[in-house]
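Readers should treat all values here as calculations from the given coordinates under stated rules, not as data from a laboratory. Note that the structure is predicted; figures quoted are calculated from it, not measured. Here the Cβ positions follow ideal geometry from the backbone for every residue, glycine too, while neighbour counts run over all protein chains shown.
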């Protein structure tokens, strides 16, 4: 059962402030409550049990500061929504995964406290995006942009309709256009040289892909006739095509699984590359557990 609330995780550092802003704006747009979540953990050397009352109290006060600051920030962005805050002791990832069950949406920044400055994606963000029990938005790149279309990457898997459901709904609610991108590598006929580029376009293949994409989109166009749709057939990899689209898009929507995954993988390589390189927030569409 979906719990009509948006959850945002923050640690008061990195892009978590941008994540709070984005989540508050989205909660206001959807007219649902916002829950600000902060998990605080500390390491006092080799033995956490050595932490005394003063150290524990200092950690708690720091956590309260993070939560209050996030609350004030969210309230400034969205003055009319219900905002709740949570502080829980423990590592961020398992705590966020716990609260994600049944949520309408979980929002995180792409980088937080700690780690290495040269990394493009924090370990918490990647693990949450991979394992959360609800849809996830990772806020990165041009996070405050309000112009441009929503871009959606689809293939011929069963996950495509979930991506389209999320993308069409968001485009309808935001009053913007939708760019649906189908990326594939054409099969090269044997008559061509073995050295020919793998991006050689075969008209009949493009026509077949276009027809399949139009058939996939038909019921969604009928349900959302107000949404302008641009169909894009690309011979680039899905990740490259979507990263390129993210330079103009306000949001990129992809599925939580792709084709050709390693068994047990919960997020395809396209999604992972977008989380590292997209120039706008990335929405990982998945069913609510």
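Kindly put 22, 220 in sequence by how many other C-beta atoms sit within 10 Å of each C-beta, fewest to most.
Arranged by neighbour count, lowest to highest, 22, 220 become 220, 22.
Go ahead and run the numbers for FRET between residue 123 and residue 231, Cβ-Cβ distance against an R0 of 35 Å, rounding to 0.05.
The pair residue 123/residue 231 has a calculated efficiency of 0.45.
I'd like the FRET efficiency for residue 80 and residue 172, computed as 1/(1 + (r/R0)^6) with the beta carbon distance as r and R0 of 22 Å, rounded to 0.05.
0.55
R0 = 25 Å: FRET efficiency of residue 87 with residue 31, Cβ-based, nearest 0.05?
0.45
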